[in-house]
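To start, the structure under review is shown below, and the notes come after it.
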Amino acid sequence: MDPLVDPFGRSIRYLRVSVTDRCDFRCVYCMSEDMTFLPKNEILTLEELDRLCSAFVRHGVEKLRITGGEPLVRRNIMSFFEAMGRHLRSGALRELTLTTNGSQLERFAADLARVGVRRVNVSLDTLDEDRFRKLTRWGRLPQVLRGIEAAHAAGLRVKINAVALKGDTEEEMFDLVQWCAKEGHDLTFIEVMPMGDIGNEMRLDQFWSLRDLRARLAERYTLTDVTERTGGPARYVRLEETGQKIGFITPLSHNFCESCNRVRLTCTGQLHTCLGQEGASDLRASLRASTMDDAVLDDAIRAAIRLKPKGHDFDYSRGEAGVVGGRISRHMSHTGG
Ligand code: SF4
């Protein structure tokens, strides 16, 4: 089957799939505490997710990242991972991975490794128990640390994703860097994004630019830019003193759009071809319109990719993101960040 190529010549090789909008945490920058979740019938079933992801794999997607909400709280989620494992075994898929808050990893790490997952991104902003409780509201740090240990023990490579937060990350950045060096985990810092209605929390108050974070890091370490790019938004530096590679994801810059090979699928089957644009294509309708035949679905996927825009348009400097909720109305927990 023809690979998916967008109007700007970019081959689509990476699909990020949110399998649920639910989560067992209520991180202050992501959800309000009394979050209302989507009705069940709007969420794709695991069978529908299998069919849809398999269609993308047929079209040349080589890398699948499973996200949420928290993907591992979805009932029977391992059957979906097992189903995707068949594409790894056939060689069609090069990588199956997930982003998780780590709360369920202790239970699932060994099974994930068994079906062929090799790497896992764990969202962890702090190593301080009180601060962890404050930031996640419902999360408990020891449970997550046990999950990370289980992942490590199962042979999974762990990358820690830490959101850069004014005050909190400023105080703790060096502890996180040292802990990751000691444990052998990769580390990426992420700038907060102007997305979704999250209640009373103010995004701009929480915003700490990665330029400032990087300058602080350079006070203690010698930073060397790593030139290799992954097609994704991260830029990397190496800390010469420890040999660690640290990633930076700055969604506000446009520096990765030209090489962007990725699209995102929400748990309701909406395909977003650009994180920074509102538009989406409804693949659930095509999926449910033709349960026996994939031709309609294949056409819908190709049509959606033709709509992938050249780039995105975040800009705090216009002041619009100061309005609570920001400019992009869909939720991080639906799209998986
Ligand atoms: S940021 Fe992740 S862990 Fe926190 S509430 Fe949102 S989906 Fe859950």
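The values are calculated or read from the model by the stated rules, or taken from the named source; none is laboratory data. On a predicted model such as this, the values are computed, not experimentally measured, just so you know. Neighbour counts run over all protein chains shown; Cβ positions are idealised from the backbone, glycine included. Accessible surface is based on the protein model in full, side chains and every heavy atom, while ligands, DNA and RNA are left aside. Shrake-Rupley method; radii C 1.70, N 1.55, O 1.52, S 1.80 Å.
Nothing charged except the Cβ atoms of Lys and Arg (+1) and of Asp and Glu (-1): what's the magnitude of the dipole of the stretch 65-143 about its Cα centre? Round to the nearest 20 debye.
240
What is the ratio of the Cα radius of gyration of the chain to 2.2 N^0.38 Å, with N the residue count, to two decimals? Intermediate results must be reported in sequence, preceding the final value.
Working: Rg = 19.2 Å, N = 337, 2.2 N^0.38 = 20.1 Å.
Output field value: 0.96.
When Rg is the radius of gyration of the Cα atoms in the stretch 79-211 and Rh is its Kirkwood radius, what does Rg/Rh come to?
Over the Cα atoms of the stretch 79-211, Rg/Rh equals 1.01.
For the stretch 141-187, what size does the Cα cloud have along each of its three principal axes, sorted from largest down, in whole Å?
For the stretch 141-187, the Cα spread along each principal axis is 34, 20, 14 Å.
Which one, SER123, ALA153, LEU217, projects farthest toward the positive side of the charge dipole computed for the stretch 14-335 from Cβ point charges (K/R +1, D/E -1)?
ALA153
Could you tell me which residue out of LEU135, LEU165, LEU72 lies farthest along the dipole of the stretch 14-335 toward its positive end? Charges go on the beta carbon: Lys and Arg +1, Asp and Glu -1, centred on the Cα centre.
Of the listed residues, the answer is LEU72.
Hey, got the dipole for the stretch 1-43? About the Cα centre, +1 on K and R Cβ, -1 on D and E Cβ, debye to the nearest 20?
180
Where in the chain is the longest stretch that carries no GluC sites (Glu not before Pro) classed as loop by DSSP and with at most 12 other Cβ atoms within 10 Å?
34-218
Among the DSSP beta bridges whose two residues both lie in the stretch 14-335, what percent are antiparallel, rounded to the nearest 5?
Taking every DSSP beta bridge within the stretch 14-335, about 30 percent pair in antiparallel fashion.
Among all cysteines in the chain, which have no other cysteine Cβ under 4.7 Å from their own Cβ?
CYS23, CYS53, CYS180, CYS257, CYS260, CYS267, CYS274
Could you give me the ³J(HN,Hα) list for the stretch 10-18, computed from phi with Karplus coefficients 6.51, -1.76, 1.60 and θ = phi - 60°, whole Hz, x at Gly and Pro?
8, 7, 8, 10, 10, 10, 10, 10, 8
In the stretch 30-129, what percent of the accessible surface is made up of carbon and sulfur (1.4 Å probe, ligands and nucleic acids excluded)?
The value for the stretch 30-129 is 45 percent carbon and sulfur by accessible area.
Putting +1 on Lys and Arg Cβ atoms and -1 on Asp and Glu Cβ atoms, find which of GLY184, ALA234, ILE305 reaches farthest to the positive end of the dipole of the stretch 14-335.
Towards the positive end, the residue furthest out is ILE305.
For the stretch 138-153, just list the computed ³J(HN,Hα) in residue order, Karplus coefficients 6.51, -1.76 and 1.60, θ = phi - 60°, integers in Hz, with x standing in for Gly and Pro.
9, x, 10, 4, x, 4, 5, 5, 5, x, 5, 4, 5, 4, 4, 5
Quick check: convex hull over the Cα atoms of the stretch 1-152, volume per residue in Å³, rounded to an integer? Please report the intermediate quantities before stating the final value.
Details: hull volume 19.8 nm³, N = 152.
Normalising the Cα hull of the stretch 1-152 by residue number yields 131 Å³.
For the stretch 14-335, with only Lys/Arg (+1) and Asp/Glu (-1) charged at the beta-carbon, what is the dipole magnitude about the Cα centre, in debye rounded to 20?
840
Ordered by residue, what ³J(HN,Hα) values in Hz, to whole numbers, does the stretch 26-36 give under the Karplus form 6.51 cos²θ - 1.76 cosθ + 1.60, where θ = phi - 60° and Gly and Pro are x?
These are the phi-based 3J(HN,Hα) values: 9, 4, 5, 8, 10, 9, 7, 5, 9, 3, 9 Hz.
Quick check on the stretch 59-98: take the gyration tensor over C-alpha atoms, sort the square-rooted eigenvalues as a ≥ b ≥ c, and tell me if it's rounded (a/c under 1.5), prolate or oblate.
Oblate, because a/c is 1.5 or more while a/b does not exceed b/c.
Tell me which residues come under 5 Å, amide H to amide H, from VAL17 once H is placed; ignore anything under 5 positions away on its chain.
Residues meeting the criterion, in which the H sits 1.01 Å from N, are ARG65, ILE66, THR67, LEU265.
For the chain, what is the relative contact order in percent, using Cα pairs closer than 8 Å and at least 6 residues apart in sequence?
Details: 666 pairs, mean separation 72.2, N = 337.
Contact order relative to length: 21 percent.
Can you pull out the trypsin sites (Lys or Arg not before Pro) in the stretch 1-83 whose DSSP state is coil and whose Cβ has at most 14 other Cβ atoms within 10 Å?
ARG75
Can you compute the helix-only [θ] at 222 nm over the chain? Use -39500 (n - 2.57) per DSSP H run of at least 4 residues, normalise by all residues, nearest 500 deg cm²/dmol.
-9500 deg cm²/dmol, from helical runs alone.
Angle check, please: helix 46-58 long axis (alpha carbons) against the longest principal axis of the chain (alpha carbons), in degrees 0 to 90, nearest 10.
With both axes taken from Cα atoms, the answer is about 90 degrees.
Given a 1.4 Å probe, how much area per residue of the chain is accessible, in Å²? Don't jump to the answer; show the numbers that get you there.
Details: 14390 Å² over 337 residues.
I get 43 Å² per residue for this part.
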